[in-house]
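What follows is calculated from the coordinates using simple rules that are stated; it is not laboratory data. All values reported here derive from a predicted model rather than from experimental measurement. Cβ atoms come from the backbone with ideal geometry, glycine included; neighbour counts cover every protein chain shown.
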Amino acid sequence: MLYPHLEGRRIVLASQSPRRRELMGMLGLEVECMARDVDESWPQELEGVGVAEYVARKKAAAYLDVLGPSDVLITGDTVVVLHGKVLEKPTDEAHACEMLRALSGQTHTVASAVAVTTLEHGTHSALDVCDVDVNELTEAFIQDYVASGSPMDKAGAYGVQDVMGLIGVTRLTGSFYTVMGMPTHRLHALLDALK
């Protein structure tokens, strides 16, 4: 067991992402998933990769009222940054197509942040950044991919763990799991620090 010090404690994952839940299971964590509508906006002066950590901490603050004395809260956020512009989740299919066209043939940055919160220790967070090269995407691929529905709940309108990762991603510098939406090595360090 990686985290014997967490045995018997309720671990709340503030996410409905099946990918994040799967990663928690891979770490041996049994989590209770919870989702709320949280305002994910950020100050205009905050740019690029820093947005992910800001939003992860903002999400943590929105869940403080559900925490008991021994509970552990995990929140996260992922953004895609292309030429200094933050690409969040697409608002509709046309927006997803627009994002994928912009990413085609380019290198972009994926920033994923994770925050771990307890009532005793407060909120501690970490950020991880990855560079991703994308193949030239055909219009037919973009249309088919968007029609599949897969990109609609993902930052930058793609998932590295699906067909886009198989065909569209040519190189990744950094952690695969950071691009997937949870910097698991950073989460491990934060959870380990709760000993």
* Taking the mean number of other Cβ atoms within 10 Å as a proxy for protection, how do you rank 140-153, 108-121 from highest to lowest? -> 108-121, 140-153
* Asked: Could you give me the ³J(HN,Hα) list for the range 106-120, computed from phi with Karplus coefficients 6.51, -1.76, 1.60 and θ = phi - 60°, whole Hz, x at Gly and Pro?
  -> 10, 9, 10, 10, 10, 10, 10, 10, 9, 10, 10, 10, 9, 5, 6
* Distant-in-sequence amide H partners of VAL12 (H built 1.01 Å from N, under 5 Å) -> GLU32, VAL72, LEU73, ILE74
* Asked: For the chain, what relative contact order do you get, as a whole percent, if you take Cα pairs closer than 8 Å and at least 6 residues apart?
  -> 22 percent
* How far apart, in nm, are the 7 Å Cα→Cβ label points at ILE167 and LEU194? -> 4.0 nm
* Any idea which of LEU187, LEU6, LEU119 is furthest toward the positive side of the dipole for the chain, if Lys and Arg beta-carbons carry +1 and Asp and Glu beta-carbons -1? -> LEU6
* Take the alpha-carbon centre of the range 1-74, take the same for the range 101-126, and report the distance between them in whole Å. => 11 Å
* Just how large is the dipole of the range 4-192 about the Cα centre, in debye to the nearest 20, putting +1 at every Lys and Arg Cβ and -1 at every Asp and Glu Cβ? -> 280 debye
* To do: May I ask you to derive the relative contact order of the range 80-195, considering only C-alpha pairs under 8 Å and at least 6 residues apart, and to give it as an integer percent?
  => 32 percent
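Using mean Cβ contacts within 10 Å as the protection proxy, how do 74-84, 33-43, 122-132 order, highest first?
Per-residue mean Cβ counts within 10 Å order the peptides as 74-84, 122-132, 33-43.
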* Asked: Under a plain spin-label model, where a point goes 7 Å from the Cα along Cα-to-Cβ, how far apart in nm are GLU47 and LYS85?
  -> 1.4 nm
